[in-house]
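Just below is one structure, and these are the notes that go with it.
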Amino acid sequence: MKNVLFALAAVFLFTGCVSQEAFDALQNRVAALEGQVSSAGDAGSDAAAAAQAASREASAAKAAADRALDAANEANERAERMAETCCSRK
């Protein structure tokens, strides 16, 4: 894309349609746009890394919640067994 723009600008420059100042301005605009694209790419990479970290944290939180639920179920079952043992003697 950059090469095409430079080639087009060079054709205009050689035909006299574009001054050197206009060519330099176009070149600066292309460089600025390339910098923005690069920044956007970096931001996208950072966002992807943050999403992966959030996914790992969510998986860890789910695993902890599952362990807590299992422990609560086991405690409930023990309490029910104790209640049955205690109450069946009466």
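Worth a mention:
- Given (1) in contact with a helix residue (DSSP H, G or I) (Cβ under 9 Å, 6 or more places away or on another chain); (2) modelled with pLDDT of 95 or more, number of the condition GLN20 does not satisfy: (2)
- Among the residues listed as ALA31, ALA79, ALA51, the single one being more than 30 Å from MET1 (Cβ to Cβ), of a type in the set (A, V, I, L, M), in a helix (DSSP H, G or I) and modelled with pLDDT of 90 or more: ALA79
The values are calculated or read from the model by the stated rules, or taken from the named source; none is laboratory data. Quick caveat, the model's predicted, so the values are computed rather than measured. Note that we place each Cβ from the backbone using ideal geometry, even for glycine, and neighbour counts take in every protein chain shown.
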